[in-house]
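The values are calculated or read from the model by the stated rules, or taken from the named source; none is laboratory data. In this text, all values refer to a predicted model and were calculated from it rather than measured experimentally. Cβ placement follows ideal geometry from the backbone for every residue including glycine, while neighbour counts extend to all protein chains displayed. Each accessible area value is taken on the protein alone, full model and side chains, heavy atoms only, with ligands, DNA and RNA left out. Shrake-Rupley method; radii C 1.70, N 1.55, O 1.52, S 1.80 Å.
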Amino acid sequence: MKFKRYAVYFTPPPGPLADFGAAWLGWDPENGVLPAPVDLHKLNAVREEMTATPRKYGFHATLKPPFRLADGYDLPALQAATRRLAQGAQPFLLEGLQPALLGRFLALVPEGETTTLDALAAETVRALDAFRAPLTEAELAKRRANALSPRQVRLLLKWGYPYVMETFRFHMTLTGKLPKAQAAEVLGALAPVLQDVVSRPFPIDALSLMGEDEAGWFHLIERCALGR
């Protein structure tokens, strides 16, 4: 399969959370299929619309944001570098994950201390940045249209994305932007379901190298275990 962009995500391993995320968003990036939708009764009629924006990315948390490969690099070299990066880190545990409203969208966010997680994300951005092609003027203009702070602009210019390093916040996106009243309703409906599928403590044990196909759908290329 030919990919136009790559990224490094955290994706849950096969199991209840991965199954829920694929069924909720409507895309399984590991198997490259459209799974049967999750049945959440009163949310069934609006699930497809509220998950349209994050669907093609799959259920994930971004560590190294999507990028085009720089000249002189190829996928095998990127895979090898991602494996080395993963081998040099150690798996660790978060206290848990909980659903929360971030601005106008819902996501799973960590509970408790995130120092190790933030350091892993920062090192992933740094270690693989040689593989990232510079942003085009159109890509820069699109990002700058989002009312970035001066610091975020500097991060955008240096790393190709404004929400990295100290502005990074681990989150596993559940919806696109929602009206406030609807967000509260959806949060209330999802919370008990997520409580049953999110393990406590929650393991971070791999980096997932992803590829975006020509139609914009992200696929799992390789899950690289931390420390191995």
Query raised in the report: Tell me, which residue of the stretch 101-124 that is out of contact with any His (no Cβ under 8 Å at 6 or more places or on another chain) and part of a strand (DSSP E or B) is least open to solvent (accessible area, probe 1.4 Å)?
Result: Leu106
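Yes/no matrix, rows are residues, columns are (1) in contact (Cβ under 8 Å) with a residue 24 or more places away in the chain; (2) at positive phi; (3) within 19 Å of the chain's Cα centre (by Cα); (4) in a loop (DSSP other than H, G, I, E, B):
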{"site": "Tyr6", "(1), (2), (3), (4)": "yes, no, yes, no"}
{"site": "Phe20", "(1), (2), (3), (4)": "yes, no, yes, no"}
{"site": "Ala36", "(1), (2), (3), (4)": "no, no, no, yes"}
{"site": "Asp39", "(1), (2), (3), (4)": "no, no, no, yes"}
{"site": "Glu49", "(1), (2), (3), (4)": "no, no, no, no"}
{"site": "Pro54", "(1), (2), (3), (4)": "yes, no, yes, no"}
{"site": "Thr62", "(1), (2), (3), (4)": "yes, no, yes, no"}
{"site": "Thr82", "(1), (2), (3), (4)": "yes, no, yes, no"}
{"site": "Gln90", "(1), (2), (3), (4)": "yes, no, no, yes"}
Requested in this report: Among the helices (runs of 4 or more DSSP H) lying completely within the stretch 125-202, list those that include at least 2 residues that are modelled with pLDDT of 95 or more.
Outcome: 150-159, 180-197
Query raised in the report: Out of (1) out of contact with any strand residue (DSSP E or B) (no Cβ under 7 Å at 6 or more places or on another chain); (2) among the aromatic types (Phe, Trp, Tyr); (3) crowded, with 18+ Cβ neighbours inside 10 Å, the odd one out for Phe59 is which?
Result: (1)
Query - Checking Arg200 against (1) touching a strand residue (DSSP E or B) at 6+ places or on another chain (Cβ under 9 Å); (2) surrounded by 13 or more Cβ atoms within 10 Å (Cβ to Cβ), the condition it does not meet - result: (2)
Query - Whichever residue in the stretch 125-164 is among the basic types (Lys, Arg) and under 27 Å from Ala89 (Cα atoms) and, among such residues, is surrounded by the most Cβ atoms within 10 Å (Cβ to Cβ) - result: Arg132
Query raised in the report: How many residues, within the stretch 74-90, are surrounded by 15 or more Cβ atoms within 10 Å (Cβ to Cβ) and more than 15 Å from Ile221 (Cα to Cα)?
Result: 2
